[in-house]
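A quick write-up on the structure given underneath.
The values are calculated or read from the model by the stated rules, or taken from the named source; none is laboratory data. Please read these numbers as outputs of a predicted model, since none were measured by experiment. All Cβ positions, glycine included, derive from the backbone under ideal geometry; neighbour counts span all protein chains shown.
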Amino acid sequence: MSRRKTSERPVAVKQVLAGILRPGDWQLLELRQKVRSVWEQAVPEALRSQARLVDLKRHELWVEAASSALVQELQFLKPKVLEALQKTLGSGMVREIRFTVGGGKT
């Protein structure tokens with residue numbers, strides 16, 4: 001078994017991540033962070049605790065809720081959340097929010 005090469009000096013986290021992540025990954029991570037922030041501001045805690053953001057693909061935000069009743073409640077908030085997302089991210093970044101019933105807990 002070969003020994004791992006030890007570094008003489010500490011390596012910056014940015015340098016380590018640059019070797020792991022591809023160039024577009026940073027932008028995607030930043031986008032997801034902004035989406036989560038908007039979601040947390042637009043949706044009341046009582047509903048957020050029973051739903052979770054699943055994915056963001058093809059300009060659609062996918063949200064998993066604990067029950068169909070919760071999906072219906074979230075549908076009423078959908079215009080408010082979409083407006084907040086467009087205000088924060090720019091028009092067209094998130095065009096639709098899709099809700100599914102599943103585990104829902106974050």
Query raised in the report: Taking Trp39, is it surrounded by 14 or more Cβ atoms within 10 Å (Cβ to Cβ), part of a helix (DSSP H, G or I) and modelled with pLDDT of 90 or more?
Result: yes
**Report entry** Every residue from the range 57-72 that is of a type in the set (Ser, Thr, Tyr) and closer than 15 Å to Val35 by Cβ
**Finding:** none
Query raised in the report: Name the residues in the range 57-106 that are in a strand (DSSP E or B), within 18 Å of Leu28 (Cα to Cα) and modelled with pLDDT of 90 or more, would you?
Result: Glu60, Leu61, Trp62, Val63, Glu96, Ile97
Report summary line: Over the range 38-59, the set of residues within 11 Å of the chain's Cα centre (by Cα) and touching a residue at least 12 places away in the same chain (Cβ under 8 Å) is Val38, Trp39, Arg52, Leu53, Val54, Leu56
**Report entry** Filter result (within 12 Å of Leu85 (Cβ to Cβ) and part of a helix (DSSP H, G or I)) within the range 42-56
**Finding:** Ala42
Requested in this report: Determine which member of the set Ser68, Ser49 is surrounded by 12 or more Cβ atoms within 10 Å (Cβ to Cβ) and of a type in the set (Ser, Thr, Tyr).
Outcome: Ser49
